[in-house]
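One structure is given here, and the rest of the page talks about it.
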Amino acid sequence: PFPDPQRAPRSQEERQRFLEELGQAVATLGADMGALIDDDGERLYLVDEQGRAVQNELLLALFALIALQERPGALVGVPVSAPSVVDQIARQHSGQVLRTKHDPRSLMNLAMAHRDTMVLAGDIRGGFIFPEFYPTQDAVIALARVLKALASGARLSELVERIPAFYVVQQSIQCPWEHKGRVMRLLAREAGAAREAEYIDGIKVIYDRGWVLALPDASEPIFHLFAEGKSPSDAAELLGRYARRILELQQKKGA
């Protein structure tokens, strides 16, 4: 924790540095795990007993596994950007996954709407909601759930190893405000004509070997791209293809 907010990590680079230092401390001391909690108490990041970081999509998959092992058949809520491995874990435990928009408020609303049947609502940025306790992100309760899972004798690395392999990549692409609407329309037109697509938030195009999500930022002139593939090369190829396409569509005249 960071009692002094001025010392808390503010960027992804700073957070990675903190996690690396935490991992070194855990490995040196022979600790069972390490936890990094943001100063607002909402987001959690872990390192296993070997000092390896468990965060982002992998951490979400871990929490889905823990939650559904405790309560098979329950609902899990995730944003549209969550990897398909969450669905795979849910199927293995007779559960179901509900997806919503990428922002925390939408995830909170989903948790509130399914409070009696949803065991977990989590995102890919370390935020986790346990609706039966309280419908907002709480890193301390999330940490307690991990410790409860480890109390059975399993090590954190062993729980992580139970998660099927998956491959995701992401990138942000600059796009001036005056072009964002046209780019979205053209991407939607191309997706609807050729592929299965979802429009929960942004445009998610489904392929046989993965999917790619183009998500316009609500407050900055940026597109966020997320891609998942059956292999690292599949994910990278889908991401690169849509990154290039967004840049090309910015130059295209008309709508």
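The values are calculated or read from the model by the stated rules, or taken from the named source; none is laboratory data. Because the structure is a prediction, the values reported are computed rather than measured. Reconstructed Cβ throughout: ideal geometry from the backbone, glycine too, with neighbour counts over all protein chains shown. We work out accessible area using only protein heavy atoms, side chains counted, and drop any ligands, DNA or RNA first. Shrake-Rupley method; radii C 1.70, N 1.55, O 1.52, S 1.80 Å.
How big is the convex hull of the Cα atoms of region 1-145, per residue, in Å³? With only Cα atoms used, region 1-145 gives 107 Å³ per residue.
Accessible surface computed residue by residue for region 102-160, with neighbouring protein chains in place and a 1.4 Å probe, gives 45 Å² per residue.
Using the membrane-span-like helix rule (whole DSSP H runs, Cα extent along the own axis of at least 20 Å, mean Kyte-Doolittle hydropathy at least -1.0), which helices of the chain qualify? Result, helices passing both filters: 12-29, 56-70, 177-194, 232-251.
Here the mean projected area of the convex hull built on the C-alpha positions of region 181-242 is 4.2 nm².
Model label points for Gln174 and Glu21, set 7 angstrom from Cα along the Cα-to-Cβ axis, are 3.2 nm apart. I need the shape label for region 74-147. Rule: rounded when a/c is under 1.5, else prolate if a/b > b/c, else oblate, with a, b, c from the alpha carbon gyration tensor. It is rounded, given that a/c, with a ≥ b ≥ c, falls under 1.5.
Add +1 for every Lys or Arg and -1 for every Asp or Glu among the other residues with Cβ under 11 Å from the Cβ of Lys204, and state the total. Intermediate results must be reported in sequence, preceding the final value.
Numbers: positive: Arg99, Arg195; negative: Glu196, Glu198, Asp201, Glu228.
Net charge around Lys204: -2.
The phi torsions of region 73-83, fed into the Karplus equation with coefficients 6.51, -1.76 and 1.60 and a -60° offset, translate into couplings of x, 7, 8, 10, x, 9, x, 4, 7, 5, x Hz, rounded to whole numbers, with Gly and Pro shown as x. Other residues whose C-beta falls under 12 angstrom from the C-beta of Ala191 contribute a net charge of +2, scoring Lys and Arg +1 and Asp and Glu -1.
In whole Å and largest first, what semi-axes does the C-alpha gyration tensor of the chain yield when each eigenvalue is scaled by 5 and square-rooted? Mind showing how you got there, number by number?
Details: eigenvalues 209, 89, 63 Å².
With the √(5λ) rule applied to the chain, the semi-axes are 32, 21, 18 Å.
So with the 1.4 Å probe, I'd like the accessible area per residue for region 183-255, rounded to whole Å². Walk me through the intermediate numbers first.
Numbers: 3660 Å² over 73 residues.
In whole numbers, region 183-255 has 50 Å² accessible per residue.
Adding -39500 (n - 2.57) for every DSSP H run of four residues or longer, then dividing by how many residues the chain holds, sets the calculated 222 nm ellipticity at -13500 deg cm²/dmol. A Cβ-based charge dipole, computed about the Cα centre of region 1-122 with Lys and Arg at +1 and Asp and Glu at -1, lands at about 480 debye. Label-to-label distance for Leu143 and Gln88 is 3.1 nm, based on points extended 7 Å past Cα in the beta-carbon direction. Rolling a 1.4 Å probe over the protein heavy atoms of the chain, with every protein chain left in place, gives an accessible area that is 50 percent carbon and sulfur.
Beyond a 22 Å Cα-Cα separation, which of these cross-linked pairs lie in this structure: Lys180/Lys252; Lys180/Lys230; Lys230/Lys252; Lys101/Lys204?
Values: Lys180/Lys252 12 Å; Lys180/Lys230 30 Å; Lys230/Lys252 32 Å; Lys101/Lys204 12 Å.
Among Lys180/Lys252; Lys180/Lys230; Lys230/Lys252; Lys101/Lys204, the Cα-Cα distance tops 22 Å for Lys180/Lys230; Lys230/Lys252.
Accessible area ranking (1.4 Å probe, heavy atoms, ligands and nucleic acids excluded), largest first, for Tyr207, Tyr167: Tyr167, Tyr207.
Ignoring ligands, DNA and RNA, what accessible area per residue does region 19-79 give at 1.4 Å, in Å²? Mind showing how you got there, number by number?
Values: 2250 Å² over 61 residues.
Dividing the accessible area of region 19-79 by its residue count gives 37 Å².
Annotation: extensible slack from Arg105 through Arg189 equals 27.4 nm (criterion: 0.36 nm per residue apart, minus Cα-Cα distance).
What does the charge add up to near Phe130, with Lys and Arg as +1, Asp and Glu as -1, over the other residues with Cβ less than 9 Å from its Cβ? With Lys, Arg at +1 and Asp, Glu at -1, the net is -1.
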